C-alpha cells in the first residue's frame, strides 16, 4: 500500500516545478499541507520552500521543530537567502550563512549593503566576467562552460574589477583565438549603479532590449547583473502587493493563512472604513428632521452615493495610471481637470435626467425629482474633480494613491452627495 | 528662431526612446500633441506610432489627411503590423502589406492564421534556425551575424523546416569546426504549439528559465519564437486592461481621449451600477414606514452597507487571486468558506460590538444598538460567504470575476444589509 504513494510522489517531483508545487500546497489547509510536505524529498522541499509566500513559509516553520527545519537552509545561494531574510528569525539566517560557500557568503554580504529599494539588493551574481588581459581563446573557454541563464554578453573587467566593456557571446564565435580582448570589446556598456532605485532599474532593464544590465558599485566595480526576469518579477510582485494592500489585506495572505492573523490584518482596514462611514452618517444626521418628513430621501440616498462613487473611481483609475507613467504634471493638470469635468457634465446630465424621470414615476413628486437631479449632477462633477485632485495630492505627499485613493474619494463623494441631496431636499421639499 | 527648436527636436530624438515619447505625447492635449508630432522626423514618428495606444493612434490618424498617414505604414515588419491590425482600417492594412518585404509579408500571413488567443499570433520571426546538414563552422558564421535579442540557442531544422533540436550558442564556441551539427544537437527541445492558448504559452516561457521557446505549427515545422519579453508584456497588458475594464473604462482610454468617446464608455458602467443602486433603493422602500418612525435607521444605513462591502471585497480579492492561480477546486472550496466565515465571525463580533457601543452613546436607544449589531454581524458573515461564492460561480460560467465580481458582491451586501437592518428595526423598534 506504501508503494503507490511513493511512486506518486516521485512522479510529482519529476513533473511539477517547485513554483507550481508551492502554489498547489497553498491550496491545502495547513493539516493536509503538512502531510503532503512530509512525503517530499528534502531537495524538493528546499526548492518549494524558496518559492513559497513568506506567510506560508512561516506557517510551515512554526509547525516543525527547529532541527527538522535546518535542512531547508543548507547550501543556499546568495539570491535565495536574500529573498528569505526579511521574514526569517536570526537563528535560521545565521545557520544559513554558516552553510554557504565562501563565494556565496561574500555575494550575500555585498547585496546586504544595499536597502530593498536599491538595485544592488536585487542583483544576481552569475560569474560571467573575464579579465581584460586574456585572449579570445580564453574567453571562448570560459563562456562555453558558463551557462548562466539570460546572458548574451560577457563583461570585461580590469584587475580591480572595474567594468571596462562587454562582448557579445555570438561575436566571439568568429573572432580569431589569438586576438586580445581589449582590441574587440564594446566599451559603451549600459550599466546600472547599485544604489539606483530598483523600480527605475527594472524599467531600464526592460527598455534596454537586453536580457540583463550589469550593476556596478560606487567604485565602478562590476558586482552583478539585474536580468529581465528579475526586473519583470519585481514589477509584477509590486502590482500584486498593491492590489492586496488596497483591499486592506496583508500582501502575504494565502487562502489558508491563520484565522487570527487574517482577522487582525483585515480588521485595521475595516476600522478605517468605519470612521469614514460614521463621518457620512454624521452628515446625514444633520438632516434628521428633513428625512422624517420626506422619507423618500432616505430611500434614494444609495443612488446618489453610488453614482458619485462610480464616476469618481473611473477618473481615479485613469489618473493613477497617468501618475504612474509620469504623464501628469503641473503643466497639463488643469487641461485634464477640464476634460474630466466635461465628461462628468455629459454623464451627469444624462444620468440625472434618467434618474429624475424614474423617480418621478416612482414617487410622483416633481420637486423630489428636481432635488435628485441636482444632487446627481453635482455629485458626478465633484467626483470628476476629486478623481483628479485626490490622487494628485496624495502623490505630492508621497502616499501611493493606488492604496488609499479609493477610500478617500468615496468618502468625499458620499459626504458631498448626502449634503447636496438632503440639503436641496430641505430647501425644496419642506 | 527656428534653429533652437530643431536642435531640441534632434536632442529629443537622440535621447528619448520611442516608448517614452509615446507616453509623453499622450500627456498632451490633442492640439499640442499634433504640433509636437509635426516637428519629428518621419522615422521617429513611425517608431512612436508603433508604441502608442490604439486610441491615441486613431486620434492621430483622424487628424491627418490620408496621404500624410501613409509613410507611417512603410516597410513595417510582420510583428509591428500585427500589433496594429485590430484597430486599423483595411485601406491602411493593405497599403502596409504592399510595402512589406516578401519575407515579412509571409511571416505576417502565417501569424494571421492564428487567433489572438493563440500563441502563434504572438510569435516573433527572428531568423535563428539552421539546416541540419551544416557543420559547426557554418553554424558559427550564421550565429555571429544574427543578433536577434533574447536568443541563447539556435534551432536546427530539416529540409521541411521540422524542428529537430537546438544548440546553445555558447556551446558552439569550443566545438570543432568540422563536427556535424547532427552529432551535437540537443534533441529534447521544449517547444510550444502555435495553437496553444497564449496565456498558458506565456506562463510556459516564463517558467522555462529560458529567454524564448520555439513555436511549431501543426506539421511540426518551426515557425517562430515566443520570447520572455513578449510573454511578460502580454501578461502585464492583460492585467492593465482588467483594471481599466473593472472600472468601466475602455482599456484604450488615455488622459486626453475624446470627451464623447470617454463619456460613452463610462456611461455604460454607470448605467449598470444605477440598476443595482435602484434595486437597493427598492428594498429600502419596502421599509418606508419604519424609516419614518425611526429616522436613526436612515442615518446609520451607510455604516451597515459599507462594513459589508469592505469585508466582502477583502474575501473577493483573495479568492480572485486563488482562482487565477488555480488554487481553488471543488475539493477545498468548503474549507475556504469555513475559514472565511471564521474570519468574518471574528471581525463581525468585534465591529458589531464597537458599532453597538458608539450608536448607544449617539442615540441612547439600546434596541437600536442591538438592531445594528445583528445587521453588522449578519452582513459581514454574508459578505464572507458571497466573497467566495460570487467569484466561484462567475468563474464557473466563464465570466472573469475580476471584472464584475465587485459590482455583484456589493449589490448582495447592500441588499442583505438593508433588509437585515431595516427588518430587525421593524421587529424590535416599532
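The values are calculated or read from the model by the stated rules, or taken from the named source; none is laboratory data. Everything quoted here is computed from the prediction, not taken from an experiment. Positions of Cβ are backbone-derived with ideal geometry, glycine not excepted, and every protein chain shown enters the neighbour counts.
For this structure, a couple of remarks:
- Checked against the criterion of being outside any helix (DSSP H, G or I) and either in contact with a strand residue (DSSP E or B) (Cβ under 7 Å, 6 or more places away or on another chain) or modelled with pLDDT of 95 or more (or both), segment B:271-290 has at least one qualifying residue.
- Residues of segment B:327-342 that turn out to be assigned to a helix (DSSP H, G or I) and within 8 Å of chain A (Cβ to nearest Cβ), as a count: 5
- For segment A:292-308, the criterion of a residue being in a helix (DSSP H, G or I), in contact with a helix residue (DSSP H, G or I) (Cβ under 9 Å, 6 or more places away or on another chain), more than 7 Å from every other protein chain (Cβ to nearest Cβ) and at pLDDT below 95 is satisfied by at least one position.
- Residues that are within 27 Å of the chain's Cα centre (by Cα), farther than 27 Å from residue A:147 by Cα and part of a helix (DSSP H, G or I), drawn from segment A:93-124: A:93
- Test result for residue B:70, over 28 Å from residue A:334 (Cβ atoms), more than 14 Å from chain A (Cβ to nearest Cβ), part of a helix (DSSP H, G or I) and out of contact with any strand residue (DSSP E or B) (no Cβ under 7 Å at 6 or more places or on another chain): yes
- For segment B:182-192, the tally of residues that are surrounded by 15 or more Cβ atoms within 10 Å (Cβ to Cβ) and either within 14 Å of chain A (Cβ to nearest Cβ) or modelled with pLDDT of 90 or more (or both) stands at 4.
- Scan of segment A:148-178 for residues that are more than 14 Å from chain B (Cβ to nearest Cβ), in a loop (DSSP other than H, G, I, E, B) and in contact with a helix residue (DSSP H, G or I) (Cβ under 8 Å, 6 or more places away or on another chain), ordered by number: A:178
- Of all residues making up segment B:242-270, the number that are crowded, with 16+ Cβ neighbours inside 10 Å, more than 7 Å from chain A (Cβ to nearest Cβ), over 16 Å from the mean Cα position of the chain (by Cα) and assigned to a helix (DSSP H, G or I): 2
- Scanning segment A:197-241 for residues that are assigned to a helix (DSSP H, G or I), more than 8 Å from chain B (Cβ to nearest Cβ) and over 30 Å from residue B:311 (Cα atoms) turns up A:198, A:199, A:200, A:201, A:202, A:203, A:204, A:205, A:208, A:230, A:231.
- Residues in segment B:14-39 that are buried (at least 18 other Cβ atoms within 10 Å of the Cβ) and more than 30 Å from the chain's Cα centre (by Cα): 0 in all.
- Qualifying residue in segment B:388-396 (condition: under 35 Å from the mean Cα position of the chain (by Cα), assigned to a loop (DSSP other than H, G, I, E, B) and in the same structural domain as residue B:325 (by TED's automatic domain parsing)): no
- The set of residues from segment A:130-147 being out of contact with any strand residue (DSSP E or B) (no Cβ under 9 Å at 6 or more places or on another chain) and either within 14 Å of residue A:179 (Cβ to Cβ) or part of a loop (DSSP other than H, G, I, E, B) (or both) comprises A:137, A:140.
- Here residue B:324 meets the list (1) touching a helix residue (DSSP H, G or I) at 6+ places or on another chain (Cβ under 7 Å); (2) modelled with pLDDT under 95; (3) more than 7 Å from chain A (Cβ to nearest Cβ) almost entirely, failing just condition (1).
- When the residues of segment B:42-64 are filtered to those that are more than 20 Å from residue B:259 (Cα to Cα) and out of contact with any helix residue (DSSP H, G or I) (no Cβ under 6 Å at 6 or more places or on another chain), the one that is surrounded by the fewest Cβ atoms within 10 Å (Cβ to Cβ) is B:43.
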